[in-house]
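Working notes, beginning with the structure itself.
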There are 2 protein chains.
Amino acid sequence: MNDKSQRIEPRTLKGFRDYLPETMIPRERLMATARSVYRSYGFSPIDTPALEYLEILTGKGSAETDKQLYKFEDHGGRAVALRFDLTVPLARFAAQHYNALGTPFKRYHIAPVWRGENTQAGRYREFIQCDFDTIGTRSLAADIETALVIHDLFLALGFSEFSIRINHRQILNGLLERLGLAQQATHVLRAIDKLAKIGPAAVAAEMAETAGATAAQSADVLRFAALAGSNEEVLQQVRPLVAGNATGETGLAELVRILQGAAAGGVPPQRLCVDLSIARGLDYYTGAIFETFLTALPTIGSVCSGGRYDNLASLYTSQQLPGIGASLGLDRLLAAMETLGMLDKVATPAPVFVAYFVESRLDDYLKLAAHLRRAGIGAEVFPDAKRLGQQLKYADRRGFRVALIAGEDELAAGQCQVKNLASGESETIALEADAASVVAAVKRQLAKTSGSE
Amino acid sequence: MNDKSQRIEPRTLKGFRDYLPETMIPRERLMATARSVYRSYGFSPIDTPALEYLEILTGKGSAETDKQLYKFEDHGGRAVALRFDLTVPLARFAAQHYNALGTPFKRYHIAPVWRGENTQAGRYREFIQCDFDTIGTRSLAADIETALVIHDLFLALGFSEFSIRINHRQILNGLLERLGLAQQATHVLRAIDKLAKIGPAAVAAEMAETAGATAAQSADVLRFAALAGSNEEVLQQVRPLVAGNATGETGLAELVRILQGAAAGGVPPQRLCVDLSIARGLDYYTGAIFETFLTALPTIGSVCSGGRYDNLASLYTSQQLPGIGASLGLDRLLAAMETLGMLDKVATPAPVFVAYFVESRLDDYLKLAAHLRRAGIGAEVFPDAKRLGQQLKYADRRGFRVALIAGEDELAAGQCQVKNLASGESETIALEADAASVVAAVKRQLAKTSGSE
């Protein structure tokens with residue numbers, strides 16, 4: 001096995017990545033934050049298998065997602081595939097367990113999904129989605145709540161500058177009806193959805209090609225999508241454009257109600273903006289739609305998107321399941337935070353480092369660390385009685401904040417040094433049986449440092 | 001799509017399961033507990049892809065795990081497979097990132113693994129493993145710490161009655177050397193490993209068949225594996241059996257040191273028991289080995305197992321990577337807790353239910369819930385203004401602990417009812433602008449109920 005020629009090159013598949021501690025620690029923090037916000041609104045966790053019957057996963061997404069599926073035959077000759085999102089599994093889950101779940105049913109699901117797409121910068125073939133959905137109700141209370149959750153989520157994640165863009169499919173449909181493009185709505189919406197990415201000329205070209213839109217129709221659609229200003233101003237401009245069209249007027253009234261409720265729930269208007277260019281490519285949206293952009297990095301696109309649908313699970317059940325939900329693109333957000341310098345370069349989740357100084361006194365170091373943990377403070381004991389300099393270098397590289405140092409002399413005198421690794425400040429503390437003074441000194445020094453844990 | 005004949009039956013693959021909220025809530029709690037204990041010792045999180053090159057995953061496990069691999073060709077024609085454990089990915093990861101990581105390197109990894117094995121009761125083809133490992137050190141400090149982590153983990157998970165069984169491969173090897181079975185050690189250890197499952201007669205038969213053991217040799221091995229009593233008593237009986245054999249004496253000395261260190265770190269002797277029948281089937285263990293049994297349910301087998309290895313990543317690198325680690329079988333433990341009645345049947349992670357009583361007052365309910373969340377209390381607003389009875393039935397079934405009820409009269413009087421859903425007790429509280437009295441009343445009622453959140 002030690003013959004070099006027989007060795008296997010350690011490598012990951014193209015489009016997949018390892019998460020080292022420096023990246024995994026904030027990634028876990030993001031997941032914990034999402035979980036905590038979702039839970040605070042009463043969303044319950046669920047989990048579904050990574051592998052599903054192929055027939056469950058195909059036909060619901062687009063031809064493109066079907067092509068990207070990781071599919072194969074399992075040991076029993078079944079055609080199976082890895083899930084490519086969490087929405088299709090939710091639809092299958094809701095149809096299968098409808099009676100046990102009851103409605104309204106609010107769930108969150110934080111799990112990896114897989115797409116064999118061509119890799120580009122910042123896009124991976126495996127990534128985590130953090131979805132929350134409320135199913136079994138048509139009430140706008142759930143739409144309002146979706147805005148509140150997204151808002152709380154980004155505040156909790158550490159952002160103050162972000163904007164949730166909101167639109168309503170029925171406003172778009174109303175306009176398209178008036179423009180005589182109602183039959184081609186899907187194509188038109190897919191084209192508008194690319195506006196920020198490809199620009200108005202290319203969108204117009206696509207509308208001409210896929211929807212047969214005339215130059216005048218395209219111009220109207222683009223003028224509509226470009227309406228700008230405060231929410232009040234945009235709504236005022238929209239009103240005449242949908243007046244007399246029942247679909248458009250319903251959409252507009254709902255949008256106004258959602259804005260009002262979100263304001264009551266604490267969302268300031270500059271963080272929830274009406275944006276008529278938000279279309280969402282997916283067919284199943286029927287009401288409010290959301291996207292979320294970071295003010296400091298709008299180019300990465302929406303980091304949290306979703307909307308209302310009329311019937312989630314029609315592929316699997318006759319039960320009507322209307323609902324609304326959104327999905328946080330956690331790994332995209334993590335990449336953005338890395339770009340924005342928002343991540344600490346810390347490779348340990350424990351703040352305190354206990355140096356292993358005198359070989360025969362290991363048990364004393366173990367006891368000391370146990371006392372700290374009992375006080376709720378994470379502590380790592382270095383495993384080898386190596387030179388102190390080497391140990392402190394390790395502690396520094398990992399990002400520990402406080403070191404406990406007790407050599408033979410200190411132990412003989414019943415003492416211990418508590419060293420702040422950021423400032424270099426050091427206190428000499430008496431080592432009592434319950435280490436109470438050491439614990440107090442560690443807390444004092446930790447309070448002086450700015451670690452995120 | 002609403003044509004029944006075209007509908008797809010919603011179902012999961014054999015050996016896979018959905019987690020509904022009642023099960024997923026405690027499952028998330030177990031993961032959070034494991035994470036928190038691992039972090040308190042300075043273990044850092046990492047993540048690796050679910051899919052790896054097939055050549056990375058084969059050859060390291062046994063022929064049996066190779067057979068159970070979910071393998072296929074990806075879009076680029078690469079032979080790939082889903083990981084079947086977290087140890088092989090760790091080996092590949094450590095070999096690949098050795099320079100960036102440095103040693104000692106302590107990591108935990110909580111993630112699903114897949115094995116296409118024949119399904120039996122309580123065994124699934126997808127399950128979560130929670131591993132922690134320390135690599136890059138031969139120090140017994142890491143062995144001791146492994147016992148401490150397992151001990152803290154089960155206490156934190158809510159168990160007081162459990163036993164960590166410890167043995168040492170070198171003690172077993174020393175004995176086998178003395179019995180003239182050293183060359184057949186792998187076969188003998190695999191047979192012993194099944195002792196609890198298949199009994200001594202079948203183990204003897206297997207040893208005869210696979211290792212060519214004589215009846216006398218088998219009897220000696222089985223007598224050894226059956227040594228019982230307190231740790232002191234067992235060690236006393238072992239001492240003469242390995243005396244004069246360097247391997248066995250080293251193993252024994254290390255075992256004694258680990259027991260002493262674990263006691264210093266706070267593990268009572270009845271929870272860390274020497275058990276010479278613990279062998280662990282896997283080839284790569286070379287030192288201390290651990291298994292963990294629940295006193296109330298020993299028949300489910302070990303729920304946390306591991307041990308020391310000399311060279312984790314020899315398949316991928318010439319770098320020697322000794323280390324030690326263990327793996328919590330989270331889904332098996334969850335099944336055990338379900339059997340033992342240790343799980344609450346709660347389907348909501350939020351304790352407070354806000355009834356939606358008066359349709360026009362939705363914004364007031366939203367504000368109330370926002371105040372509770374700002375005080376750190378999860379609150380769900382029912383999305384539809386349905387009959388109160390129906391809403392309270394929903395709240396009861398989900399397991400909410402406190403309900404806020406405010407009808408038209410109460411709202412007009414500036415009041416709100418705070419109802420304890422367990423006791424039925426209800427207080428009428430003034431609704432101030434900041435809802436401070438309501439928050440206080442909710443806290444008072446929550447303190448009277450026994451929910452786990």
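The values are calculated or read from the model by the stated rules, or taken from the named source; none is laboratory data. These numbers were taken from a predicted model, which means no experiment stands behind them. Neighbour counts run over all protein chains shown; Cβ positions are idealised from the backbone, glycine included. All accessible areas refer to the heavy atoms of the entire protein, side chains included, with ligands and DNA or RNA removed. Shrake-Rupley method; radii C 1.70, N 1.55, O 1.52, S 1.80 Å.
Yes or no, residue by residue, for (1) more than 25 Å from residue B:258 (Cβ to Cβ); (2) at the interface with chain B (Cβ under 8 Å from one of its Cβ atoms):
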residue: A:301; (1), (2): yes, no
residue: A:315; (1), (2): yes, yes
residue: A:318; (1), (2): yes, yes
residue: A:325; (1), (2): yes, no
residue: A:332; (1), (2): yes, no
residue: A:341; (1), (2): yes, no
residue: A:348; (1), (2): no, yes
residue: A:352; (1), (2): no, no
residue: A:358; (1), (2): no, no
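Go through B:29, B:35, B:39, B:11 for me and flag whichever is assigned to a helix (DSSP H, G or I) and facing another protein chain (nearest Cβ under 7 Å). Step through it out loud before you land on a result.
Values: B:29 fails: facing another protein chain (nearest Cβ under 7 Å); B:35 fails: facing another protein chain (nearest Cβ under 7 Å); B:11 fails: assigned to a helix (DSSP H, G or I).
Just one listed residue meets the conditions, B:39.
When every residue of segment B:161-179 is checked against the conditions, none turns out to be within 30 Å of residue A:371 (Cα to Cα) and within 11 Å of another protein chain (Cβ to nearest Cβ). Going through segment B:433-453 one residue at a time, which ones are part of a loop (DSSP other than H, G, I, E, B) and either in contact with a helix residue (DSSP H, G or I) (Cβ under 6 Å, 6 or more places away or on another chain) or not hydroxyl-bearing (Ser, Thr, Tyr) (or both)? B:433, B:434, B:435, B:451, B:453 - these are the residues of segment B:433-453 that are part of a loop (DSSP other than H, G, I, E, B) and either in contact with a helix residue (DSSP H, G or I) (Cβ under 6 Å, 6 or more places away or on another chain) or not hydroxyl-bearing (Ser, Thr, Tyr) (or both).
When B:24, B:31 are screened for being in contact with a Cys (Cβ under 8 Å, 6 or more places away or on another chain), at pLDDT 95 or above and closer than 30 Å to residue B:351 by Cα, only B:31 passes.
The selection criterion, being open to solvent by less than 10 Å² (accessible area, probe 1.4 Å), at pLDDT 95 or above and among the aliphatic types (A, V, I, L, M), holds for residue A:153.
If you go through segment A:42-55 one residue at a time, do you hit one that is of a type outside the set (Ser, Thr, Tyr), in contact with a Gly (Cβ under 7 Å, 6 or more places away or on another chain), within 30 Å of residue A:261 (Cβ to Cβ) and part of a strand (DSSP E or B)? Working first, answer last.
Step one: of segment A:42-55, the residues of a type outside the set (Ser, Thr, Tyr) are A:42-43, A:45-47, A:49-52, A:54-55.
Now restrict to residues that are in contact with a Gly (Cβ under 7 Å, 6 or more places away or on another chain): A:42.
Then drop every residue that is not within 30 Å of residue A:261 (Cβ to Cβ), which leaves A:42.
Within this subset, residues satisfying the condition of being part of a strand (DSSP E or B) are none.
Scanning segment A:42-55, I find no residue that is of a type outside the set (Ser, Thr, Tyr), in contact with a Gly (Cβ under 7 Å, 6 or more places away or on another chain), within 30 Å of residue A:261 (Cβ to Cβ) and part of a strand (DSSP E or B), so the answer is no.
Contact map, segment B:23-41: residues that are within 15 Å of residue B:158 (Cα to Cα) paired with residues that are in a helix (DSSP H, G or I), Cβ distance under 6 Å, separation 6+ or inter-chain. Pairs shown: B:27/B:334; B:30/B:330; B:33/B:156; B:37/B:152; B:37/B:153; B:37/B:156. Here segment A:364-400 is the region considered, the condition is being more than 22 Å from residue A:25 (Cβ to Cβ) and touching a Phe, Trp or Tyr at 6+ places or on another chain (Cβ under 7 Å), and the residue that is farthest from the other protein chains (Cβ to nearest Cβ) is A:388. Of all residues in segment A:260-272, those being open to solvent by 30 Å² or more (accessible area, probe 1.4 Å) and in contact (Cβ under 8 Å) with a residue 12 or more places away in the chain number 4.
Quick grid of which residues meet (1) farther than 27 Å from residue A:153 by Cα; (2) assigned by TED's automatic domain parsing to the domain that holds residue B:25; (3) at pLDDT 95 or above:
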position	(1), (2), (3)
B:362	no, no, yes
B:375	no, no, yes
B:378	no, no, yes
B:407	yes, no, no
B:410	yes, no, no
B:417	yes, no, yes
B:426	yes, no, yes
B:438	no, no, yes
B:443	no, no, yes
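Cβ-Cβ contacts under 7 Å between residues 6 or more apart (or on different chains), taken from a first residue in segment A:64-84 that is facing another protein chain (nearest Cβ under 7 Å) and open to solvent by 50 Å² or more (accessible area, probe 1.4 Å) to a second residue that is at pLDDT 95 or above and in a loop (DSSP other than H, G, I, E, B), are listed as A:78/B:13. Tell me which residues, restricted to segment A:322-343, are at pLDDT 95 or above and in a loop (DSSP other than H, G, I, E, B). Within segment A:322-343, just A:322 meets the criteria.
Remark: pairs (first residue in segment A:189-215, hydroxyl-bearing (Ser, Thr, Tyr); second residue open to solvent by less than 60 Å² (accessible area, probe 1.4 Å); Cβ separation under 7 Å; 6+ apart in sequence or on different chains) = A:210/A:191. Is one or more of the residues making up segment B:162-170 open to solvent by 40 Å² or more (accessible area, probe 1.4 Å), at pLDDT 90 or above and assigned by TED's automatic domain parsing to the domain that holds residue B:144? Scanning segment B:162-170, I find at least one residue that is open to solvent by 40 Å² or more (accessible area, probe 1.4 Å), at pLDDT 90 or above and assigned by TED's automatic domain parsing to the domain that holds residue B:144, so the answer is yes.
Of the residues making up segment A:411-432, those that are outside any loop (DSSP other than H, G, I, E, B) and open to solvent by less than 40 Å² (accessible area, probe 1.4 Å) are A:411, A:416, A:418, A:420, A:427, A:429.
Out of curiosity, is residue B:307 open to solvent by less than 20 Å² (accessible area, probe 1.4 Å), closer than 17 Å to residue B:143 by Cβ and either not assigned by TED's automatic domain parsing to the domain that holds residue B:223 or not aliphatic (A, V, I, L, M) (or both)?
On the way: open to solvent by less than 20 Å² (accessible area, probe 1.4 Å): yes; closer than 17 Å to residue B:143 by Cβ: yes; either not assigned by TED's automatic domain parsing to the domain that holds residue B:223 or not aliphatic (A, V, I, L, M) (or both): yes.
It is true that residue B:307 is open to solvent by less than 20 Å² (accessible area, probe 1.4 Å), closer than 17 Å to residue B:143 by Cβ and either not assigned by TED's automatic domain parsing to the domain that holds residue B:223 or not aliphatic (A, V, I, L, M) (or both).
Checking each residue in segment A:370-387 for being in contact with an Asp or Glu (Cβ under 7 Å, 6 or more places away or on another chain) and assigned to a loop (DSSP other than H, G, I, E, B) picks out only A:385. Cβ separations smaller than 8 Å between residues 6+ apart or across chains give the following pairs from segment A:413-442 residues that are closer than 23 Å to residue A:394 by Cβ to residues that are open to solvent by 50 Å² or more (accessible area, probe 1.4 Å) and among the acidic types (Asp, Glu): A:419/A:425; A:421/A:396; A:438/A:432. Being out of contact with any Lys or Arg (no Cβ under 6 Å at 6 or more places or on another chain), touching a residue at least 24 places away in the same chain (Cβ under 8 Å) and open to solvent by 20 Å² or more (accessible area, probe 1.4 Å) is a description that does not apply to residue A:131. Sub-6 Å Cβ pairs linking a first residue in segment B:392-405 that is more than 20 Å from residue A:100 (Cα to Cα) and among the hydroxyl-bearing types (Ser, Thr, Tyr) to a second residue that is outside any helix (DSSP H, G or I) and at pLDDT 95 or above, at least 6 apart or interchain, number zero.
Annotation note: of B:275, B:283, the sole residue that is in contact (Cβ under 8 Å) with a residue 24 or more places away in the chain and open to solvent by 30 Å² or more (accessible area, probe 1.4 Å) is B:283. Evaluated against (1) open to solvent by 40 Å² or more (accessible area, probe 1.4 Å); (2) closer than 30 Å to residue B:6 by Cβ; (3) of a type outside the set (Asp, Glu), residue A:327 falls short on exactly one condition, (1).
Given B:392, B:404, which one is surrounded by fewer than 20 Cβ atoms within 10 Å (Cβ to Cβ) and either not in a helix (DSSP H, G or I) or not polar (S, T, N, Q) (or both)?
On the way: B:404 fails: surrounded by fewer than 20 Cβ atoms within 10 Å (Cβ to Cβ).
Among B:392, B:404, only B:392 is surrounded by fewer than 20 Cβ atoms within 10 Å (Cβ to Cβ) and either not in a helix (DSSP H, G or I) or not polar (S, T, N, Q) (or both).
If a residue counts only when it is of a type in the set (Asp, Glu) and closer than 30 Å to residue B:357 by Cβ, which helices (runs of 4 or more DSSP H) contained entirely in segment A:124-229 have at least 2 such residues?
Details: elements: A:140-156, A:169-178, A:185-192, A:195-211, A:215-225.
Per the criteria, A:140-156.
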